[in-house]
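Just below is one structure, and these are the notes that go with it.
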Amino acid sequence: MRKLELKINESLKSIKDYFDFLPKVKIGLILGSGLGEMADEIGDILSIPYEKIYGFLRPTVEGHKGNLVFGKLGNKSVCIMQGRFHYYEGNTIGDIVYPLFVMKRLGVSHLIITNAAGGINPSFKPGDLVIIEDYINFAMKNPSTNLRGIKPVIFKDTNWIESISRKFEDLKRGVYIFVTGPSYETPSEIKMFRKLGADMVGMSTVPEIITASSLGIRVLGFSCITNMAAGILEKPLSHQEVIEVSKMVKDKFKKLIKIAVMEA
């Protein structure tokens, strides 16, 4: 833990040196594939590339810009990760969740995580926005092994969810299953996931949920259904489809995130 504290201090120093002061924020956002344009809605904007922050990696996946953005959304101070790190990029689980420790020290008490996901539930369609009510850690990668003690994961923030749902009626709910990637799942795997109770599948988010909960941060997760998972429809999967659908729903997505921030 001592090494982690020293690393966090160096990261904070990098940010302070870049801006000549250290921003303080209440709400953190992690934006998934093709969803980074939310940062365009921020006022009083400050931005620092990940490569300028000690301990941060650089995303290698299309649709992940790799900036930490500070500013105001309405009257709320926010910190946005414009792009995230994935396990399949060759990173450790510790690498993936490390920015959350920095966010916590910057004052973040509420975290909104977004991702692009493959739809398993046949009632879903590309473009649907789904709140993550529960998850299945199929990858069996748990960042809490880096923290002392056994910590319960409490992330279903019922009051926050209900206040958002009242103002954004077209919001689905579902169970997200986390896999490591980088290959898409086979039709047989998707059949198994459906039997396990999963509504959508993706290669991120769960490590961040676990870490945020362990740090005492209130957390919500949203999936944008960008394609139907293998075997649901008879067509091949592609990352390009993920990016295109993300762009198609960007206005609806921005509206949802604004509501979530205002209700935090």
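The values are calculated or read from the model by the stated rules, or taken from the named source; none is laboratory data. Note that the structure is a prediction, hence the values are computed from the model and not measured. When we count neighbours, we look across all protein chains shown, and the Cβ atoms used for this are built from the backbone with ideal geometry, even at glycine.
Within the bounds of the stretch 222-240, is there any residue that is in a helix (DSSP H, G or I), more than 19 Å from the chain's Cα centre (by Cα) and modelled with pLDDT under 90? Yes, that holds for at least one residue.
Checking Asp95, Asp44, Asp40 one by one, the residue that is touching a strand residue (DSSP E or B) at 6+ places or on another chain (Cβ under 9 Å), at pLDDT below 95, acidic (Asp, Glu) and not in a loop (DSSP other than H, G, I, E, B) is Asp44 and no other. I'd like to know if the stretch 101-111 contains one or more residues that are among the polar types (S, T, N, Q), out of contact with any Cys (no Cβ under 9 Å at 6 or more places or on another chain) and either without any contact (Cβ under 8 Å) to a residue 12 or more places away in the chain or buried (at least 16 other Cβ atoms within 10 Å of the Cβ) (or both). No, that holds for no residue. Of all the listed residues (Leu196, Leu171), the sole one being over 16 Å from the mean Cα position of the chain (by Cα), surrounded by 15 or more Cβ atoms within 10 Å (Cβ to Cβ) and not aromatic (Phe, Trp, Tyr) is Leu171. Identify all residues within the stretch 155-168 that are touching a helix residue (DSSP H, G or I) at 6+ places or on another chain (Cβ under 9 Å) and surrounded by 15 or more Cβ atoms within 10 Å (Cβ to Cβ); write none if there are none. Within the stretch 155-168, Phe155, Trp160, Ser163, Ile164, Phe168 qualify.
The set of residues from the stretch 119-146 being closer than 22 Å to Asn91 by Cα, among the small types (Gly, Ala, Ser) and either crowded, with 21+ Cβ neighbours inside 10 Å or in contact with a strand residue (DSSP E or B) (Cβ under 8 Å, 6 or more places away or on another chain) (or both) comprises just one member, Ala139.
Restricting attention to the stretch 179-201, the residues being in contact with a Gly (Cβ under 7 Å, 6 or more places away or on another chain) and modelled with pLDDT of 95 or more number 3.
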